[in-house]
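J.: Pasting a structure below so you can have a look.
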Amino acid sequence: MSSGLAARRQRALQRARHAAYGSGEYVGQEGFMRASEILDLASRAGVSPAVAVLDLCCGVAGPGRLIARTSDCYYLGVDADPRAIEVARQRAGGDCRFEVNRVPPLPSGQFDVVLLLETMLAFPDKVTLMRAVSSALPPGGRFAFTIEAGHPLTTAERALMPAADTVWPTPLADLSGCLQHAGMRVLWQQDCTEAHHTVVEALLPRLAAMEREFGAGDPSLRELLTAHRIWSHWLGERRVRKFAFVTERTG
C-alpha cells in the first residue's frame, strides 16, 4: 500500500471511530472504551495531581494523555512498540514520560496507580503479570484495568479470529484467584459489556464502508472488520463479557 493510500485509510478510520464513539468520546484509543469511561476509571482509581501513574501497553497513549492532561498526575507510559512510543512523545509535547518496555517486567520504582486499559486480553499468563503489577505498588496502591471475561477460546474460534495469539479471555473466577495470589483486593467493578457492544455495532457499518472504499484486497482492513464482527457476536451473545476493575494492593 502506498504511503498516500495508507494515510487516507488512517484518516477514514479516525473519522469512523469519531462517529461511532460519539461526540468527544474518541481520543485515539483502539479499544472500545469511551473517553468518559476512561476518565471515570482513572478517577475511581484515585488519579489526581501529583499521583504517580504507570500506564502499561499505552500504545500511542490517547487515553493516557487524556488522563494526564485532565488530572495533572505524574505520568509514565510504556509500550513494546518503539514506533507507537515515538508517536506518543510527539503528541504529548513533553507533558508525559514514555519508555519502550516489554511487560513484564515493569519499570523500576513504585507507583501510586498502575493502568492497563483494553490490553489484559493479550496476556496468556495473567498470574505473572499481576504479581509484577503488585510489586510496583505500595500497600494501598491501585491497579485499574479492563478485562474480557470468558472461557478460553476453542480451536475453531482461534481459527476464525485474526491475531488469535493475542486473544486470551479468562473466567472471572480465575481472575479472582490471580488477584488474590498477587495480594490485591477489588475496590470496584463494573460490567461494560453492553456499552462496548454498542460501540462495536456502531463501528461495523463504517468499517464495511471503508472496505468498499479501499477495496477488499487490503488484508489489514479485512482482518480488522473480521475481528470486529466476531467481537460483536461474542459481546452480543455474552460469550465474552467486558469488565472494568479498580483493585488495591493489600498490606
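The values are calculated or read from the model by the stated rules, or taken from the named source; none is laboratory data. Remember, predicted model here, so these are calculated numbers, not experimental data. Positions of Cβ are backbone-derived with ideal geometry, glycine not excepted, and every protein chain shown enters the neighbour counts. All accessible areas refer to the heavy atoms of the entire protein, side chains included, with ligands and DNA or RNA removed. Shrake-Rupley method; radii C 1.70, N 1.55, O 1.52, S 1.80 Å.
J.: Evaluate the range 46-54: report whether one residue or more is among the small types (Gly, Ala, Ser), open to solvent by less than 20 Å² (accessible area, probe 1.4 Å) and either under 29 Å from Ala208 (Cβ atoms) or in contact (Cβ under 8 Å) with a residue 12 or more places away in the chain (or both).
T.: No, every residue in the range 46-54 fails to be among the small types (Gly, Ala, Ser), open to solvent by less than 20 Å² (accessible area, probe 1.4 Å) and either under 29 Å from Ala208 (Cβ atoms) or in contact (Cβ under 8 Å) with a residue 12 or more places away in the chain (or both).
J.: Now, a different point. Looking at the range 112-128, can you tell me whether even one residue there is open to solvent by 40 Å² or more (accessible area, probe 1.4 Å) and without any contact (Cβ under 8 Å) to a residue 24 or more places away in the chain?
T.: Yes: one or more hits.
J.: Need a quick list: helices (runs of 4 or more DSSP H) entirely within the range 148-251 having at least 1 residues that are under 30 Å from Ala7 (Cβ atoms) and free of Cβ contacts under 8 Å to residues at least 12 places away in the same chain.
T.: 193-214, 219-236
J.: Looking at the range 207-234, which of its residues are charged (D, E, K, R), at pLDDT below 95 and either surrounded by 15 or more Cβ atoms within 10 Å (Cβ to Cβ) or under 14 Å from Gly31 (Cβ atoms) (or both)?
T.: If the condition is that a residue be charged (D, E, K, R), at pLDDT below 95 and either surrounded by 15 or more Cβ atoms within 10 Å (Cβ to Cβ) or under 14 Å from Gly31 (Cβ atoms) (or both), then Glu211, Asp218, Arg222 are the ones that fit.
J.: Might you let me know whether the range 162-169 holds any residue that is surrounded by 18 or more Cβ atoms within 10 Å (Cβ to Cβ), touching a Pro at 6+ places or on another chain (Cβ under 8 Å), of a type outside the set (A, V, I, L, M) and at pLDDT 95 or above?
T.: yes
J.: Given (1) over 17 Å from the mean Cα position of the chain (by Cα); (2) buried (at least 20 other Cβ atoms within 10 Å of the Cβ), where does Ala42 come up short, assuming only one miss?
T.: (1)
J.: Here's another thing I want to ask about it. Quick check: anything in the range 82-94 in contact (Cβ under 8 Å) with a residue 24 or more places away in the chain, under 16 Å from the mean Cα position of the chain (by Cα) and outside any helix (DSSP H, G or I)?
T.: Within the range 82-94, none of the residues are in contact (Cβ under 8 Å) with a residue 24 or more places away in the chain, under 16 Å from the mean Cα position of the chain (by Cα) and outside any helix (DSSP H, G or I).
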